[in-house]
Amino acid sequence: MEWETIQEELDAGNVSIAAHQTRRMAEWFLREASDCLNAKVPFKANSRWILGDFYQGVVSRYKSLVKDAKDAANSWGIEDKFEHFVELDGRMTDINDRVSKDGAALNPNVHWNETESEFAHCTPAELKPAVKAYKDLYNALWCDECGSCLNIVQEGQTDVSMRCNCSTINWNLRKDN
Ligand SMILES: [Zn+2]
């Protein structure tokens, strides 16, 4: 598992390698999640997307879907599900804040030329929050049980549910009306 390898590099003090691997991992899983969630990614004729292109699309799509799930649970009067989605929403807000703040530590460690940055020579302890922020994002988007990415189920153009392959995660998006 990639996250374990990253942790090993961090523990060994190989900050640049750990930062590089985290970035590659994030590029892979956010690209995958963009597809599964049907997130909006800016079109690029040269197909040279960068991490930020996928990141913004995935986070805003997730936030919008969790809001739909919250509204649906509310419309059916399912209190515990409603609370669950409120919690997921708060968790994503927190992850987004940490990726913005701590995630900045990834770049200068991959590109050594940015020596003016305070992160350019950071220690494993300083890189850790960046790795954790991306790992938490991954965990929010992947099912623990079956290891699949959450994916959107649509009927025509309408989002009806968000689920993983084993259905341990299964958000109803359809409101009672
Ligand atoms: Zn699953």
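The values are calculated or read from the model by the stated rules, or taken from the named source; none is laboratory data. Keep in mind that what you see is a predicted model, and the values were worked out from it rather than measured. Reconstructed Cβ throughout: ideal geometry from the backbone, glycine too, with neighbour counts over all protein chains shown. Side chains included, ligands, DNA and RNA excluded: accessible areas come from the protein's heavy atoms. Shrake-Rupley method; radii C 1.70, N 1.55, O 1.52, S 1.80 Å.
Residues considered: Asn107, Asn14, Asn46. Largest GNM mean-square fluctuation over the chain, using C-alpha springs under 10 Å, is found at Asn46. Annotation: per residue accessible area for the stretch 59-106 equals 52 Å², rounded to a whole number [probe 1.4 Å, protein chains only]. I want to verify a result. In a Gaussian network model of the chain, Cα cutoff 10 Å, which of these has the top mean-square fluctuation: Glu145, Glu155, Glu83? Comparing Glu145, Glu155, Glu83 in the GNM, the peak value goes to Glu155.
With angles folded into 0 to 90 degrees, how steeply does helix 2-11 sit against the dominant principal axis of the chain? Use alpha carbons for both and round to 10. Once rounded, the angle reads 40 degrees. With 23 Å as the limit on Cα-Cα distance, the pairs of Lys63/Lys175; Lys63/Lys135; Lys40/Lys132; Lys63/Lys101; Lys63/Lys132 that go past it are Lys40/Lys132. Round to the nearest 10 and give me the degree value, 0 to 90, for the angle of helix 79-102's Cα axis relative to the longest principal axis of the chain. Its long axis makes an angle of about 20 degrees. In the stretch 2-172, the portion of solvent-accessible area held by carbon and sulfur atoms comes to 47 percent [1.4 Å probe, whole percent, DNA, RNA and ligands not counted].
Note down the magnitude of the dipole of the chain about its Cα centre, charges +1 on Lys and Arg C-beta and -1 on Asp and Glu C-beta and zero elsewhere, to the nearest 20 debye. Numbers along the way, then the final one.
Numbers: 20 positive and 29 negative charges, 122 e Å.
Computed about the Cα centre, the dipole is about 580 debye.
Given their separation in residues at 0.36 nm each and the Cα-Cα distance between them, Lys67 and Gln154 gain 29.7 nm when the chain is fully extended. Ignoring aspartates and glutamates fewer than eight residues from Lys128 along the same chain, the ones with Cα atoms less than 17 angstrom from its Cα are Glu2, Glu4, Glu8, Glu9, Asp11, Asp94, Asp97, Asp102, Glu118, Asp136. Here the Karplus relation 6.51 cos²θ - 1.76 cosθ + 1.60, evaluated at θ = phi - 60°, turns the backbone of the stretch 13-25 into coupling constants of x, 8, 4, 5, 5, 4, 5, 4, 5, 5, 5, 5, 4 Hz, with x for every Gly and Pro. When the Gaussian network model of the chain links Cα atoms closer than 10 Å, the mean-square fluctuations of Arg163, Arg23, Arg48 top out at Arg48. Relative contact order of the chain: 24 percent, from C-alpha pairs under 8 Å at least 6 residues apart in sequence. Here the mean projected area of the convex hull built on the C-alpha positions of the stretch 2-172 is 11.2 nm².
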